[in-house]
Amino acid sequence: MNDGERGTAMKLHKTVVLVGMMGAGKTAVGKELARMVSAPFLDSDEAIVAAAAMPIAEIFERDGEEFFRAREAEVIARLLRGRPAILSVGGGAFLRATTRELISELGVSVWLKADLELLWARVRQKTTRPLLMTPDPRATLAGLLAEREPVYAKADLVVETLPAYAIADTARAVLMKLATRADVIEGVST
């Protein structure tokens, strides 16, 4: 039976916020998860780009990371107050304590945990990652991962993303974790 043929309709009560490093699969998994639970998919980076009418790399260059993080927090707060959805947030968003607290209050955070090799394989060809515009982007990524993992570990739920997993496999793993939270979703058959 596929996800659309389940006897009981799934109902999302809170926004599910996917957190983790760039390359962890937040957008791809988020879109698939949204399809599975018939909920909207939102991406905070896309919302920021739309509001600013410029790419994130340009915002970083023109206004700096702190300015970007403040606007990011505002956008995430607005999206959390809307209809329950699946929300993908930028890799640094969860580092801000006030954003983490708001996510915990209004939604549920799910850390898509990936190791350095998988992350590097996914981001090494991308030119849209302002934090990796350094002489040694792999070392920069490793440093960011080491710095951020203790904060990501504060997420409500953790799902490992593995190289052998297809996007749908990871989305199903997230759904199974969410099924343990009746305050977040109902109607998930395990």
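The values are calculated or read from the model by the stated rules, or taken from the named source; none is laboratory data. The model shown is predicted, which means the values in this text are computed figures rather than measured ones. FYI the Cβ positions are ideal-geometry reconstructions off the backbone, even for glycines, and counts take in every protein chain you see. The accessibility values were calculated without ligands, DNA or RNA, using every heavy atom of the protein model including side chains. Shrake-Rupley method; radii C 1.70, N 1.55, O 1.52, S 1.80 Å.
Tabulated data
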read-out	value
Accessible heavy-atom area order of T134, T180, T161, highest first, probe of 1.4 Å	T180, T134, T161
Residue-count net charge about V123 - beta-carbon cut-off 15 Å; Lys, Arg +1, Asp, Glu -1	+3
Vicinal HN-Hα couplings computed from phi for the range 142-147 (Karplus, 6.51 cos²θ - 1.76 cosθ + 1.60; Hz; Gly/Pro x)	4, x, 4, 4, 4, 6
Carbon/sulfur fraction of accessible area - the chain, other protein chains in place, 1.4 Å, %	53
Residues of type lysines that K31 reaches as a straight line, Cα spacing below 23 Å, ignoring anything fewer than 8 places off in the same chain	K11, K14, K113, K126, K177
Under the Karplus curve 6.51 cos²θ - 1.76 cosθ + 1.60, θ = phi - 60°, whole-Hz ³J(HN,Hα) for the range 34-51, x wherever Gly or Pro sits	4, 4, 5, 9, 6, 10, x, 9, 10, 10, 4, 4, 4, 5, 5, 4, 5, 5
Computed lengthening from T27 to E61, 0.36 nm per intervening residue step minus Cα-Cα distance	9.9 nm
Coil-residue chymotrypsin sites (Phe, Trp or Tyr not before Pro) of the range 111-190, DSSP, other Cβ within 10 Å capped at 16	none
Per-residue SASA entry for I76, accessible area with 1.4 Å probe, Å² rounded to 10	0
Relative contact order (percent, whole number), the chain, Cα cutoff 8 Å, 6+ residue spacing	35
From phi via Karplus (6.51, -1.76, 1.60), per-residue ³J(HN,Hα) for the range 104-113 in Hz, x at Gly/Pro	5, 6, 9, x, 9, 9, 10, 7, 8, 8
L162 accessible area, assembled protein chains, probe 1.4 Å, Å²	70
Gain upon complete extension [E186, R78; 0.36 nm per residue less C-alpha separation]	36.5 nm
Theoretical gain in end-to-end length, A50 to A97 [0.36 nm per residue, Cα-Cα removed]	14.4 nm
Accessible area per residue, Å², the range 33-93 with all protein chains present, probe 1.4 Å	47
Cα lying deepest toward the dipole's positive end in the chain, options G187, L131, A97, charges on Cβ	G187
Under 5 Å, built H, 5+ apart or other chain: amide partners of V17	L87, V108, S109, V110
Percent RCO, i.e. relative contact order, over the range 39-112, from Cα pairs under 8 Å lying at least 6 residues apart	41
